[in-house]
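Working notes, beginning with the structure itself.
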Amino acid sequence: MLRGFLDYLRTSIAAKVEGAPEPEVRTAAVPSGTNLLGLLNHLTFVERAMFLGDKVTDWQATFRAAPEDSVAEVVDRYRSAVKRANEVLDGCADLGAPVRRGGPGLRWALTHLIEETARHAGHADILREWIDGSTGR
């Protein structure tokens, strides 16, 4: 069930970013600098850190995609990270066991990713509507 909720949210946020127009997809709509492409870039790093063990030294920097990265490239990178994360999750049968050596328990990791992805999917809903009026999942 946890995995089902997470996969639904992953699909939803990728769909919000996919096809978003340039340069608006990178344009901050709020004083914090949050932008649609940056949200998905950040979630790519979250997936990799949580499930694949990648180290992130500057979380704030993950909220910005590189200027040369296209929308399609950022979406593809996110989907690739999700696919690799799911391969790790497929090998985890015990919700109390660590996801990876030295990592959090599977139950905690899934719950955290559901919360993190849902929060940013909500942000993405608002930003995408601001960009081009697109609403819905």
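Say whether the condition of being without any contact (Cβ under 8 Å) to a residue 60 or more places away in the chain and touching a Cys at 6+ places or on another chain (Cβ under 6 Å) is met by at least one residue in the stretch 100-118. Within the stretch 100-118, one or more residues are without any contact (Cβ under 8 Å) to a residue 60 or more places away in the chain and touching a Cys at 6+ places or on another chain (Cβ under 6 Å). Put simply, of 55, 83 the only residue that is without any contact (Cβ under 8 Å) to a residue 24 or more places away in the chain and within 24 Å of residue 18 (Cβ to Cβ) is 83.
May I ask you to list the residues in the stretch 8-30 that are under 30 Å from residue 106 (Cβ atoms) and touching a residue at least 12 places away in the same chain (Cβ under 8 Å)? Lay out the reasoning, then the answer.
Taking the stretch 8-30 and keeping what is under 30 Å from residue 106 (Cβ atoms), we get 8-18.
If the condition is that a residue be under 30 Å from residue 106 (Cβ atoms) and touching a residue at least 12 places away in the same chain (Cβ under 8 Å), then 9, 10, 12, 13, 14, 15, 16, 17, 18 are the ones that fit.
What do you reckon, is residue 77 touching a helix residue (DSSP H, G or I) at 6+ places or on another chain (Cβ under 6 Å) and either within 15 Å of residue 12 (Cα to Cα) or open to solvent by 30 Å² or more (accessible area, probe 1.4 Å) (or both)? In short, yes.
Filtered by the rule that a residue be of a type outside the set (Asp, Glu) and over 13 Å from the mean Cα position of the chain (by Cα), the stretch 60-83 gives 60, 61, 66, 67, 70, 71, 72. When 72, 66, 14 are checked against the criterion of being open to solvent by 50 Å² or more (accessible area, probe 1.4 Å) and on the phi < 0 side of the Ramachandran plot, 72 stands alone in meeting it. Test residue 125 against the stated conditions and say whether it is in a loop (DSSP other than H, G, I, E, B), more than 13 Å from residue 46 (Cα to Cα) and touching a residue at least 12 places away in the same chain (Cβ under 8 Å). It is false that residue 125 is in a loop (DSSP other than H, G, I, E, B), more than 13 Å from residue 46 (Cα to Cα) and touching a residue at least 12 places away in the same chain (Cβ under 8 Å).
Residue 2 - would you say it is of a type in the set (A, V, I, L, M, F, W, C), open to solvent by 10 Å² or more (accessible area, probe 1.4 Å) and over 11 Å from residue 120 (Cα atoms)? Considered against the rule, which asks whether it is of a type in the set (A, V, I, L, M, F, W, C), open to solvent by 10 Å² or more (accessible area, probe 1.4 Å) and over 11 Å from residue 120 (Cα atoms), residue 2 comes out as yes. Quick one: residue 39 ticks every box in (1) surrounded by 17 or more Cβ atoms within 10 Å (Cβ to Cβ); (2) farther than 27 Å from residue 111 by Cβ except a single one, so which number is it? In the conditions (1) surrounded by 17 or more Cβ atoms within 10 Å (Cβ to Cβ); (2) farther than 27 Å from residue 111 by Cβ, residue 39 misses (2) alone. Residue check: is residue 24 of a type in the set (Asp, Glu), in contact with a helix residue (DSSP H, G or I) (Cβ under 9 Å, 6 or more places away or on another chain), modelled with pLDDT of 95 or more and surrounded by fewer than 19 Cβ atoms within 10 Å (Cβ to Cβ)? Yes.
Residue by residue, here is whether (1) open to solvent by 30 Å² or more (accessible area, probe 1.4 Å); (2) at pLDDT below 95; (3) among the β-branched types (Val, Ile, Thr) holds:
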| position | (1), (2), (3) |
| --- | --- |
| 53 | no, yes, no |
| 81 | no, no, no |
| 89 | no, yes, no |
| 98 | yes, yes, no |
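The values are calculated or read from the model by the stated rules, or taken from the named source; none is laboratory data. All values derive from a computational prediction rather than experimental measurement. Virtual Cβ from ideal backbone geometry, glycine too; neighbours counted across all protein chains shown. Areas reflect the complete protein model, heavy atoms only, side chains present, ligands, DNA and RNA absent. Shrake-Rupley method; radii C 1.70, N 1.55, O 1.52, S 1.80 Å.
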